[in-house]
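Notes for the one structure printed next.
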Amino acid sequence: MSAHLEILAASAEGPARERPLLFVHGAYSGAWQWQPYYLPWFSAQGWQVSAFSFRGHGASEGRERLDTLSLQDYVNDLAGIIAAMPVAPLVVAHSMGGLVLQKYLEHHELPGAVLLSSVPPHGLMAATMNLALTRPDVLVDLNRIIGGASPAVSSVRHALFHQPVSDEILALCFARMQPESMRAVWDMCGFDLPRPGRMHKPPLLILGASHDALIPPHLVELTGSALHLPVEILPESGHAMMLEPTWQHSAERIHAWLAELAPLARAPAAPRRRRA
């Protein structure tokens with residue numbers, strides 16, 4: 001890794017699983033999005049968990065040159081984090097992080113991954129057009145965030161959540177949401193998209209949310225079609241399903257699927273006593 005990146009981590013409680021779990025955040029965000037619920041919950045299920053912030057995000061370095069950062073820079077960050085881990089992780093990637101993961105898989109292998117409300121391989125243009133037609137006010141506010149302005153509360157609620165969220169979670173989002181790199185946004189709009197035909201194909205779970213205003217279910221289906229995989233749409237959830245009041249529904253589905261790939265590590269057998 002060429003940049004100093006923020007990493008949040010928690011050890012497994014009790015017997016640990018055979019592989020660690022790495023969470024990858026989406027646009028306008030950072031590792032913080034996983035901290036309230038997912039990190040402690042997955043830790044309690046026996047996972048060694050970590051989440052990092054891309055350069056220019058969260059507490060990682062590079063905020064002063066954010067608009068120069070490309071999608072490939074984020075891919076390099078992900079590659080550096082994974083290369084530094086002693087065991088290849090299972091990866092859960094959200095939104096923009098899902099597109100970064102798809103590009104990573106063009107040149108790397110993984111034992112398994114989850115795409116969570118991921119930007120499809122076709123990029124952001126379809127999502128942008130959908131939002132322009134359904135909620136142009138939200139699209140305007142997202143563009144204001146890129147410019148460093150504060151969005152309206154109603155826009156954040158609609159963009160991220162389906163269920164009513166607590167004041168604490170809403171305050172967290174307002175305090176920690178940040179501008180996104182314009183260069184990375186253009187990359188996601190078509191300048192540097194993944195090529196599914198060149199991707200390594202690990203076991204993949206593709207999840208979407210029934211009430212996702214940013215990556216609605218029909219765009220999740222595009223990802224499944226491009227990767228020739230089925231998709232699952234979680235009910236009563238919005239885009240930020242890891243922060244919804246129903247967050248445990250998505251967490252339990254992810255855990256059940258990943259647990260098949262990384263069972264609890266077996267303790268070494270006790271030596272047998274020799275008979276006299």
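The numbers here are math on the coordinates, done by the rules we state, and not lab data. Just so we're clear, the structure is a prediction, and the values are computed from it rather than from any experiment. Because the Cβ atoms are built from the backbone with ideal geometry, glycine has one as well, and the counts that use them run over all protein chains shown.
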Original post:
Three principal axis extents, largest first, for the C-alpha atoms of the chain, in Å?
Top reply: 82, 38, 38
Subject >> Net lengthening on full extension, HIS107/ALA79 (0.36 nm per residue, minus Cα-Cα) >> reply: 9.1 nm
Original post:
Using θ = phi - 60° and the Karplus form 6.51 cos²θ - 1.76 cosθ + 1.60, what ³J(HN,Hα) does each residue of segment 248-256 get, whole Hz, x for Gly and Pro?
Top reply: 5, 4, 5, 4, 5, 5, 4, 4, 4
Original post:
Local charge sum around GLU260 (other residues, Cβ-Cβ under 15 Å, Lys/Arg +1, Asp/Glu -1)?
Top reply: 0
Original post:
Considering amide H positions built from the backbone, and no H for Pro or chain starts, which residues 5 or more places from ILE233, or on another chain, come under 5 Å of its amide H?
Top reply: GLY208
Original post:
If you plug each phi of segment 6-11 into the Karplus form 6.51 cos²θ - 1.76 cosθ + 1.60 with θ = phi - 60°, what whole-Hz ³J(HN,Hα) values come out, in order, with x for Gly and Pro?
Top reply: 5, 10, 9, 9, 8, 6
Subject >> Simple spin-label estimate for LEU261 and GLU13 in nanometres, 7 Å along Cα-Cβ >> reply: 2.4 nm
Subject >> Cα→Cβ-extended label distance, 7 Å offset, between ALA132 and GLU236, nm >> reply: 3.6 nm
Original post:
Which net charge results when you count Lys and Arg as +1 and Asp and Glu as -1 among the other residues whose beta-carbon is under 15 Å from that of VAL156?
Top reply: -3
**OP:** May I ask for the percentage of alpha-carbon pairs in segment 148-259 that lie more than 24 Å from each other?
**Re:** 37 percent
Original post:
Hey, what do the phi angles of segment 208-220 turn into as Karplus ³J(HN,Hα) couplings, whole Hz, using 6.51/-1.76/1.60 and θ = phi - 60°, x for Gly and Pro?
Top reply: x, 10, 4, 10, 7, 7, 9, 10, x, x, 5, 7, 5
Original post:
Label GLU221 and TRP186 with points 7 Å out from Cα along Cα→Cβ: what is the distance between them in nm?
Top reply: 3.3 nm
